[in-house]
1. If I go through segment 289-316 residue by residue, how many of them are open to solvent by 50 Å² or more (accessible area, probe 1.4 Å) and either hydrophobic (A, V, I, L, M, F, W, C) or touching a helix residue (DSSP H, G or I) at 6+ places or on another chain (Cβ under 7 Å) (or both)?
2. Mind counting the residues in segment 393-413 that are of a type in the set (A, V, I, L, M) and more than 16 Å from Ala147 (Cα to Cα)?
3. Applying the selection to segment 186-205, what residues are open to solvent by 40 Å² or more (accessible area, probe 1.4 Å), assigned to a loop (DSSP other than H, G, I, E, B) and in contact with a helix residue (DSSP H, G or I) (Cβ under 6 Å, 6 or more places away or on another chain)?
4. Restricting the first residue to segment 173-186 and requiring it to be closer than 17 Å to Arg90 by Cβ and without any contact (Cβ under 8 Å) to a residue 60 or more places away in the chain, which pairs with a second residue that is of a type outside the set (Val, Ile, Thr) and outside any helix (DSSP H, G or I) meet a Cβ separation below 8 Å and a spacing of at least six or different chains?
5. Suppose we keep only residues that are of a type outside the set (D, E, K, R) and open to solvent by 70 Å² or more (accessible area, probe 1.4 Å) within segment 9-28. Which one would you say is nearest to Arg388 (Cα to Cα)?
6. Please give the number of the condition Arg343 fails out of (1) out of contact with any Lys or Arg (no Cβ under 7 Å at 6 or more places or on another chain); (2) without any contact (Cβ under 8 Å) to a residue 40 or more places away in the chain; (3) not hydroxyl-bearing (Ser, Thr, Tyr).
7. Could you check Leu336 against (1) of a type outside the set (S, T, N, Q); (2) in contact with a Pro (Cβ under 9 Å, 6 or more places away or on another chain); (3) within 30 Å of Thr258 (Cα to Cα) and say which number it fails?
8. Looking only at segment 258-278, decide whether some residue is closer than 30 Å to Ala160 by Cα, modelled with pLDDT of 85 or more and open to solvent by 80 Å² or more (accessible area, probe 1.4 Å).
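The values are calculated or read from the model by the stated rules, or taken from the named source; none is laboratory data. Because the structure is a prediction, the values reported are computed rather than measured. FYI the Cβ positions are ideal-geometry reconstructions off the backbone, even for glycines, and counts take in every protein chain you see. Calculation scope for accessible area: heavy atoms of the full protein, side chains included, ligands and nucleic acids excluded. Shrake-Rupley method; radii C 1.70, N 1.55, O 1.52, S 1.80 Å.
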Amino acid sequence: MSLLQRDTPRDVFAELVSFRTELYACLTGRRDALFELGPVKTLVELSLSPEHRRGHGALYGGVVNWGRLDVSRLRRALAGLPFPLAAEGRLVLAVDVSNWLRTDADTSPDRLFCHTYGRGRGSAQMIPGWPYSFVAALEHGRASWTAVLDVVRLCPWDDAIAVTAAQVREVLQRLYVAGQWEIGDPPVLVVVDAGYDVTRLAFLVADLPVELLGRMRSDRVLYFPPLPQPAGKCGRRPKRGAEFAFEDAATQPVPSVTTVTDTTHYGKAVAAARHPLHPLLVRRSAWADHPEGELPVIEGTVTRLQVDHLRGEHNPRPIWQWRSATAATAGDVDRLWQAFLRRFDLEHTFRLFKQTLGWTTPKIREPAAADRWTWIVIAAHTQLRLARPLAEDLRKPWERPARQGRLTPARVRRGFRCVHAKTPQPASAPKPTIAGPGRPAGRQNKHRAQVHPVGKHGSGDVAGLIQSPSDHVTLLVRSVRAGRVGE
């Protein structure tokens, strides 16, 4: 983005009105009912809010049955909106997965076992649900605001890292077309957590102007490049050099760069960077289908971040980070670990989606309807972000006044009703109608829903086809005829 675009005064109200108009144009089916949706605790209660002028029948018709949304156009609209940049004018993107848990929805297809944290420390559970991969732009400093740019639902047959790489590639293309990033600007920094294979992700997006920064587990082992062979020595050159084990201090040489920063909440933060380091790749798992020849050597910079204390913990473990670039100055090291801490702002967005905007509240069966509702929630959050300078602080009596320009998304939502009344309403007025006859009394539903398996499965899995005990008999008869009784 050019300096002229960054310094141009903004008309915040005009941007909000323009986005609402573009959002209405993105709705291609049941657009009036979809446009008047908003945050809810239960989906049916949305029809009782003053902003939603239609009944609950139109609500379910728009969300579940006949609503349509032009996702490509909405993605382009989100990429064209202004959003704050991080330090030094760099664009920082955070990628993370949030789960829509559907525990007892046996008739909902494409569910996966989602990793969820338990109540105890270090405990986790695997619960069926729909995982969604989000990409959001981060801003500088401590804040609860992010600019969500894209979301993709992960399916049972997807490679999560490959889907993330394609998602980042498409987001960067849209940002470039919208003028948010130009040739000559600093590379886009993409921050991920320990759940991602950051080295493989860096390999898949190596042709893009991006830098990858991700956390690694503390039990990893990386390697330095091999030393040059002495003159006159014959034989094959070694593939890797000295070992660097995160848990073994004896294998860790003197850092290339070391910085010490005094923080407000964590005491002294000591960051030690070493480069170049690369993981040892083997032909299995994600690299099993790699083309013939030697596997790539993916070098980067490893940073060890150690703080004095955390909230409620006086002996914190160090955080290991891997960056896809091999050269780092003291300024780069400080900027990168601070950008990694800003990644947790996306967790505040997920909490707002679920607890305030009601993202995972509706009990929707079809994944397509869940995707449609997810984009509606993102559009609602985007309107709150655009109305951030316009909203008043309607705090409760026991809450402290917010500082100037520091309203949280939840507080902006309280004052958005006043802003909403001043914006034009593209949706047409509701038409009077009467309820349909419904199913006649005493007649049962003969169209039984199909039961789907959970987790990774192939297209030929018959477990999802079993709907009743009679289906077991049918499968047994087919097995007898095919001679597969003993299988």
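1. Residues in segment 289-316 being open to solvent by 50 Å² or more (accessible area, probe 1.4 Å) and either hydrophobic (A, V, I, L, M, F, W, C) or touching a helix residue (DSSP H, G or I) at 6+ places or on another chain (Cβ under 7 Å) (or both): 2 in total.
2. Here the count works out to 2.
3. Within segment 186-205, Asp197 is the sole residue that qualifies.
4. As it stands, the answer is Tyr176/Glu182, since those pairs meet every condition given.
5. Phe13
6. (2)
7. Here Leu336 clears every test but (2).
8. Looking through segment 258-278, none of the residues is closer than 30 Å to Ala160 by Cα, modelled with pLDDT of 85 or more and open to solvent by 80 Å² or more (accessible area, probe 1.4 Å).
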